[in-house]
Structures are given as structure tokens and as C-alpha cells.
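The values are calculated or read from the model by the stated rules, or taken from the named source; none is laboratory data. Quantities reported herein were computed from a predicted structural model and do not represent experimental measurements. Here Cβ is always computed from backbone atoms with ideal geometry, including for glycine, and neighbour counts include all displayed protein chains. These area figures cover heavy atoms from the full protein model, side chains too; ligands, DNA and RNA do not enter into them. Shrake-Rupley method; radii C 1.70, N 1.55, O 1.52, S 1.80 Å.
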Amino acid sequence: MIGTGQRGRNMAIRTKLVAGNWKMNGLRQDGAMLAHTLKEYAAAAAPGTPGCEVLVCPPATLLSEVGGVLVGSGIALGGQDCHAAPKGAYTGDISAEMLADLGCSYVILGHSERRQHHGETDTAIRDKIAAAWRAGLAAILCVGETQEQRQAGKAVEIVSSQLDGSIPHAASAATLVIAYEPVWAIGTGLTATTEDISEMHAEIRRRAPAGIRILYGGSVNPRNCPAILTLSEVDGALVGGASLNANDFWTIVSSYAAK
Ligand code: PEP
């Protein structure tokens with residue numbers, strides 16, 4: 001079910017989305033400066049551009065500050081994770097309701113760094129997606145294979161099983177975005193070939209709810225984004241490292257300017 005904070009989107013068109021994952025980077029001054037610069041770029045953009053939805057996902061400590069700066073910019077705010085429960089004795093965790101309360105409209109879930117460092121399972125991720133919807137947030141579900149899994153010819157099998165294990169039955173294009181992020185491409189400067197991206201995105205589209213947006217993530221930068229973002233099955237990007245540089249991030253966002 002779509003929550004009250006959910007924005008309406010024309011899913012037939014599959015509005016492109018470029019999301020920045022700031023990870024655990026930035027103190028308040030850094031976050032505010034980056035957000036101010038992005039707001040200036042957005043204000044200076046020609047009418048009808050950038051031609052995609054723009055989202056930033058700062059660390060939880062910066063959500064309030066960055067959200068305040070971005071008011072009126074058209075740039076959306078998102079969290080990087082949430083707990084499945086709405087509240088309670090979960091020291092150090094943050095609920096989806098808390099993210100919504102801070103102005104978030106999205107939350108990234110199942111990022112490979114959460115799977116690797118926090119042992120997140122597909123079942124736990126499915127519960128978090130349901131929690132995001134309960135709070136009116138759209139979930140960005142990250143899936144992707146490791147280098148070993150790809151070399152063993154298991155990439156499609158692994159991603160398919162992540163999708164099957166973590167997408168709740170009620171999923172729709174309005175409440176879920178999928179980010180295909182090969183683990184070996186994250187933060188390494190390596191990117192999947194355009195053939196591999198197209199093949200995996202087509203497979204994900206076959207298994208996912210109709211009209212869903214599928215982002216690519218993994219070392220996307222201003223140099224490689226034109227080739228990746230113009231692929232017909234790619235509906236945008238989840239950007240890590242390059243999203244910490246306003247100029248680089250806006251160059252990626254501006255790939256969609258002419259679309
Ligand atoms: C990410 O963390 O989601 C990501 C894609 O990182 P990077 O762009 O740095 O590879």
C-alpha cells in the first residue's frame with residue numbers, strides 16, 4: 001500500500017532517478033556546503049531540466065541539516081537504512097517513521113555494505129521494505145553479485161534469488177525502485193560492461209513489478225555515465241563516491257538534461 005508521503009509518478013514513462021549515496025561521509029558543515037551547491041545548480045538549471053528526479057541520501061546525522069538546505073530545491077531526501085520496527089529498544093537504529101519525520105521520501109535498503117558488514121539477509125531486507133512503506137517511503141532495494149559469483153556464472157541466479165527473497169508481495173512501481181549494483185564495481189572504479197548491465201536489467205525487469213525503475217550503481221562517474229544512462233533498460237543511477245563532489249554529481253544528473 002502506498003503511504004501518505006508517497007509522491008505520484010507517471011510510471012508509464014518511468015521517470016529517471018539519479019540518487020547520491022553519501023555513505024558515512026561528511027560533518028555538518030560539509031553536508032550543508034554540498035547541499036547548498038546542489039541547490040544552486042538546481043536553481044540555475046534550464047526550465048524542464050535536469051530531466052530526472054534527483055535524490056540525496058546523507059548519513060542520518062546530516063538529514064536535518066541537508067533537508068533544511070534543500071527545501072524548495074526540488075531535490076529529494078532519503079535515508080541509507082532503516083529498522084523494521086517503528087520504535088523501541090533498538091539502540092543505534094533508526095525507524096522509517098523517523099526518516100519520514102525528517103522529510104525523507106526514499107530509503108536505500110539492502111546495500112551490499114549493509115549485507116556484508118551487518119549480516120543483512122533477504123528476509124530482514126524484506127521486513128525493512130515493508131517498514132518503509134508503512135512510513136510512506138519508497139524503498140530503493142540494492143541487489144548485486146560478487147566477483148566470485150560472476151566468475152562462476154552465477155550472477156543472474158544470485159540477483160534473482162535476492163529479488164525473490166526480499167521483495168514483498170505488495171510491491172509496485174510507485175513504492176519500489178531496484179538498484180543493480182555489482183558488489184565488485186562499488187567504490188573500485190570498475191564498472192560492468194553495457195552488455196552485462198543490459199542483460200541483468202532485462203532479467204530484473206522480467207521478475208519485478210510492472211513499470212518499476214531499475215537503477216545501475218557501481219563507480220558511476222561523469223565519464224562513464226553517458227554510455228550507461230542511455231541504455232534503454234537503465235532508469236537512472238545510484239551514485240556513491242561521485243555524489244560527494246557537487247560538480248561530478250550534477251554532471252551525472254545533467255546526462256538527462258536533453259531527454
Ligand atoms: C554505492 O555505494 O551505492 C555506489 C554505487 O558507490 P560507488 O559509486 O562509489 O561505486
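Can you tell me which of ALA44, ALA138, ALA19 moves the most in a GNM of the chain? Springs connect C-alpha atoms under 10 Å apart. Taking springs between Cα atoms under 10 Å, the residue moving most is ALA44. Accessible area per residue (1.4 Å probe, heavy atoms of protein chains only) ranks GLU113, GLU40, GLU120, GLU145 as GLU40, GLU113, GLU120, GLU145, with the largest value leading. Here the chain is treated as a sphere whose radius is the Kirkwood value from Cα pairs; by Stokes-Einstein at 10 °C and 1.306 mPa s it diffuses with a coefficient of 88 µm²/s.
In the elastic network of the chain, a GNM with C-alpha springs shorter than 10 Å, the most mobile of THR191, THR175, THR230 is THR230. Over the C-alpha trace of the range 53-185, radius of gyration and Dmax come out as 15.1, 48 angstrom. A Gaussian network model of the chain, with springs between Cα atoms under 10 Å, assigns the largest mean-square fluctuation among THR194, THR37, THR91 to THR91. Count the lysine pairs in the chain whose Cα atoms lie under 19 Å apart, taking only pairs 8 or more positions apart in sequence or on different chains. For the chain, the number of qualifying lysine pairs is 4.
For the range 70-168, a simple Cβ point-charge model (Lys and Arg +1, Asp and Glu -1, everything else neutral) yields a dipole of about 100 debye relative to the Cα centre. Do the sum for the chain: with -39,500 (n - 2.57) for every DSSP H run of n ≥ 4, divided by all residues, what is the mean residue ellipticity at 222 nm, to the nearest 500 deg cm²/dmol? The per-residue figure over the chain is -10500 deg cm²/dmol.
Each of TYR41, TYR256 has its accessible area taken with a 1.4 Å probe; listed largest first, they run TYR41, TYR256. This model, with +1 at the C-beta of Lys and Arg and -1 at the C-beta of Asp and Glu, gives the chain a dipole about its Cα centre of some 520 debye. Taking all protein chains as present, what is the carbon and sulfur share of the accessible area of the chain, in % to the nearest whole number, probe 1.4 Å? That share works out to 54 percent.
Note on the range 27-41 and the range 81-139: Cα centroid distance 25 Å, given to the nearest whole angstrom.
In order along the range 213-228, the phi-based Karplus estimate (6.51 cos²θ - 1.76 cosθ + 1.60, θ = phi - 60°) of 3J(HN,Hα) comes to 8, 10, 9, 9, x, x, 6, 5, 8, x, 7, 8, 5, x, 5, 7 Hz; Gly and Pro are listed as x. Average accessible surface for the range 5-256: 42 Å² per residue, computed with a 1.4 Å probe over protein heavy atoms with every protein chain in place.
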